[in-house]
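Here is the structure we will look at, set down as structure tokens.
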């Protein structure tokens, strides 16, 4: 059987991995290839999974731990996709707070499953809103040095770095980012892309076709710093239903919810890594998000839907105690619903700090 092309796209929370993977999936499909996608989260009810499935993609989810700590589940999920559709390409999106993926995912695939997978170069998306602060000496990043350590380590192990959101950046900002990357990570080629518009994606596909000495940048990593950096983030996944006696604009509700959270979390000086909310109505879905405290909330995927009821899922990754995060999300949902005369019925919330990473495998000698 022909090996599956395995494309993993890493990068920090809110960097644009899901949008990138969705666009890559459509481009591979346009080449006549079957595509499967594997998403990953520390908990269930992942907005990314619902988004990609709503776009018609075949998606498996590895929940409860990152790929590195749940490697066997990653393999099992890919095998389930194989049984369902025999994909030619599998696109994998790891948890955005994870690093050390070369030693714990790429190399185990290369050494234990060399006949099953054709591994492409490992690309990491740089998130401009935090990259300009974390990589720029003297700037306040919004995160602690330990969380910023993870951000840097993600870039250090990359075969190539994707500067995303160039459609939102001024040329001077893009050039500054490029110079900061070149100074700190001179080994890594850079590609400039916009996952939203598709700019640069032809070059990205060409790079993914390369073969050679890729996926071999095994990190020297302080796992204590790594674990403490991850644990500084409050992690929340909530699901609820919203019902109102009169129709409401779903996109307006989603955007209002994100704006209220931005305001309340900003008042607490809690840095946002990513806020994402999806609204689901039969035949329609909309997504709103915020990628940093200094960014603007946006509707990334409009539903253009008026409805009396919807299912809403909230994912929040914020540098705050998870109990406080849960209280902020609950208050924002209730006030946003009250503003349109709606009632929120909660079906589940998971809020916690990520636990210490314990990889299934960690191979420090490349194949």
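The values are calculated or read from the model by the stated rules, or taken from the named source; none is laboratory data. As the structure is a computational prediction, the values presented were derived from the model and not from experiment. So basically every Cβ, Gly included, is an ideal-geometry build from the backbone, and we count neighbours across all protein chains shown.
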Residue satisfying all of: in the stretch 121-150; touching a strand residue (DSSP E or B) at 6+ places or on another chain (Cβ under 9 Å) and within 14 Å of residue 273 (Cα to Cα); surrounded by the most Cβ atoms within 10 Å (Cβ to Cβ) among these: 126
Condition check for residue 186: over 25 Å from residue 301 (Cα atoms) and modelled with pLDDT of 95 or more: yes
Among the residues in the stretch 34-52, are any modelled with pLDDT of 95 or more, surrounded by fewer than 18 Cβ atoms within 10 Å (Cβ to Cβ) and closer than 25 Å to residue 202 by Cβ? yes
Considering each of 363, 253, 275 in turn, give the residue that is crowded, with 16+ Cβ neighbours inside 10 Å, at pLDDT 95 or above and within 23 Å of residue 15 (Cβ to Cβ). 275
Residue 154 meets each of (1) more than 19 Å from residue 273 (Cβ to Cβ); (2) crowded, with 20+ Cβ neighbours inside 10 Å with one exception, condition (1)
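Here is a yes/no grid of residues against (1) without any contact (Cβ under 8 Å) to a residue 12 or more places away in the chain; (2) touching a strand residue (DSSP E or B) at 6+ places or on another chain (Cβ under 9 Å):
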site	(1), (2)
187	no, no
196	no, yes
200	no, yes
205	no, no
209	no, no
213	yes, no
217	no, no
223	no, no
226	no, no
Kindly evaluate residue 108 against the criterion of being at pLDDT 95 or above, buried (at least 19 other Cβ atoms within 10 Å of the Cβ) and not in a helix (DSSP H, G or I). no
In the set 303, 293, which member is within 22 Å of residue 128 (Cβ to Cβ), touching a helix residue (DSSP H, G or I) at 6+ places or on another chain (Cβ under 8 Å) and assigned to a loop (DSSP other than H, G, I, E, B)? 293
So for the stretch 55-67 (the condition being surrounded by 20 or more Cβ atoms within 10 Å (Cβ to Cβ), under 25 Å from residue 113 (Cα atoms), out of contact with any helix residue (DSSP H, G or I) (no Cβ under 7 Å at 6 or more places or on another chain) and not assigned by TED's automatic domain parsing to the domain that holds residue 285), does at least one residue qualify? yes
Please find, among 331, 310, 319, the residue that is out of contact with any strand residue (DSSP E or B) (no Cβ under 9 Å at 6 or more places or on another chain) and touching a residue at least 24 places away in the same chain (Cβ under 8 Å). 331
What helices (runs of 4 or more DSSP H), lying completely within the stretch 17-86, carry at least 3 residues that are more than 25 Å from residue 110 (Cβ to Cβ) and in contact with a strand residue (DSSP E or B) (Cβ under 6 Å, 6 or more places away or on another chain)? 47-54
From 205, 180, grab the single residue that is assigned to a helix (DSSP H, G or I), more than 15 Å from residue 127 (Cβ to Cβ) and touching a helix residue (DSSP H, G or I) at 6+ places or on another chain (Cβ under 8 Å). 205
Screening 167, 118 for residues that are in a strand (DSSP E or B), modelled with pLDDT of 95 or more and surrounded by fewer than 22 Cβ atoms within 10 Å (Cβ to Cβ) leaves only 118
Of the residues in the stretch 261-287, how many are assigned to a strand (DSSP E or B) and over 23 Å from residue 323 (Cα atoms)? 7
